[in-house]
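Novice: One structure follows; several queries about it will come next.
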Amino acid sequence: MSDSEEESQDKQLKIVVVGDGASGKTSLATRFAQEAFGKQYKQTIGLDFFLKRISLPGNLNVTLQVWDIGGQTLGGKMLDKYVYGAHGVLLVYDITNYQSFENLEDWFSMVKKANEESDIQPVISLVGNKIDLEHMRTVKSDKHQRFCQENGLISQFVSAKTGDSVYLCFQRLAAEILGVKLNKAELEQSQRVVKADIVNYSQDTVARTVNPPRSSMSPESLHYFSSGGNT
Ligand SMILES: Nc1nc2c(ncn2[C@@H]2O[C@H](COP(=O)(O)OP(=O)(O)OP(=O)(O)O)[C@@H](O)[C@H]2O)c(=O)[nH]1
């Protein structure tokens with residue numbers, strides 16, 4: 001049997017990634033699905049879509065459909081439709097940008113509202129991204145933890161840049177959705193501390209630059225479409 005035939009027989013989970021613009025959603029999805037990272041910010045218009053197959057304990061393979069939703073869609077007409085029927089949601093913020101954390105209240109309300117009439121209630125994870133910039137953190141970890149406890153969310157810190165805990169973040173979400181327990185070794189990885197390097201915080205994180213189209217896919221992942229052409 002070919003890989004693609006096998007893949008089509010896997011259980012598929014719809015995972016939606018939301019949060020403010022520039023919090024790192026595309027970087028997270030790209031790091032996960034293609035094991036790549038781009039330094040320049042290219043705003044997502046509408047949504048991007050990735051597929052990636054992962055393995056869970058017990059020889060369980062599952063294909064994740066990752067819906068990377070553009071940060072500017074909050075308040076837009078299409079957002080409810082993108083989020084509807086999600087099995088899992090990653091609420092992403094940038095640990096160096098307090099506003100991106102505050103705005104998660106709105107993203108969270110939107111996710112709950114969009115799924116009010118759905119049979120599936122998504123498992124939701126709070127994802128603090130950019131932990132490689134620990135020295136620039138403005139969102140204290142206890143604020144993050146409180147938000148998780150109050151709302152029953154999975155807690156995760158990642159760096160799309162270094163790749164730290166990125167795979168685990170998706171794996172934990174999928175495991176929780178399917179009721180699979182991850183073993184100790186897998187969970188311990190999430191506690192791994194990353195040495196923060198001193199970064200010259202220049203244009204590349206602020207400028208809304210237009211880039212050429214994203215690079216080609218790894219065989220494991222398919223990048224289906226990018227609506228709106230990323231202009
Ligand atoms: N240092 C650091 N920079 C990151 C990280 N993740 C993303 N970035 C940078 O942050 C900027 C925004 O990242 P994107 O992934 O485009 O953000 P987004 O959330 O998809 O933005 P929208 O498309 O507007 O919704 C880019 O310059 C990335 O290179 C990270 O973990 N560490």
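The values are calculated or read from the model by the stated rules, or taken from the named source; none is laboratory data. Quick caveat: nothing in here was measured; it's all calculated off a predicted structure. Don't worry about glycine lacking a Cβ; one is built from the backbone with ideal geometry, like all the others, and counts go over all protein chains shown. The area values use the complete protein model at the heavy-atom level, side chains included, leaving out ligands, DNA and RNA. Shrake-Rupley method; radii C 1.70, N 1.55, O 1.52, S 1.80 Å.
Novice: Just to be sure I understand: if I project the alpha-carbon convex hull of the stretch 11-190 onto a plane and average over all orientations, what area do I get in nm²? Intermediate results must be reported in sequence, preceding the final value.
Specialist: Working: hull surface 38.9 nm².
Projected over every direction and averaged, the Cα hull of the stretch 11-190 covers 9.7 nm².
Novice: Need one number: % antiparallel among DSSP beta bridges in the stretch 11-190, to the nearest 5. Before the final figure, lay out the partial values.
Specialist: Numbers: 10 of 33 bridges.
Antiparallel bridges make up about 30 percent of those DSSP assigns within the stretch 11-190.
Novice: For the stretch 82-134, what are the per-bin percents of Cα-Cα distances with bins 5 Å wide, up to the bin holding the maximum?
Specialist: Taking every Cα pair in the stretch 82-134, the percentages come to 4, 21, 27, 19, 14, 9, 4, 1.
Novice: Can you give the FRET efficiency to the nearest 0.05 for Gln149 and Asn61, using r as the Cβ-Cβ distance and R₀ = 25 Å?
Specialist: Working: r = 32 Å, r/R0 = 1.29.
Using R0 = 25 Å, I get an efficiency of 0.20.
Novice: Same structure again: Excluding ligands, DNA and RNA, what is the solvent-accessible area per residue of the stretch 11-190 at a probe of 1.4 Å, expressed in Å²?
Specialist: Details: 7550 Å² over 180 residues.
Roughly 42 Å² per residue, with all protein chains present.
Novice: Next question. Please say if the stretch 104-155 is rounded, prolate or oblate, where rounded means a/c under 1.5 for a ≥ b ≥ c the square roots of the C-alpha gyration tensor eigenvalues, and otherwise the choice is prolate for a/b larger than b/c and oblate otherwise? Spell out each step's value before the answer.
Specialist: Working: a/c = 2.69, a/b = 2.41, b/c = 1.12.
It is prolate, given that a/c is not under 1.5 and a/b is the larger ratio.
Novice: Label points 7 Å out from Cα along the Cβ direction at Gln99 and Gln72: separation in nm?
Specialist: In this crude spin-label approximation the distance works out to 1.5 nm.
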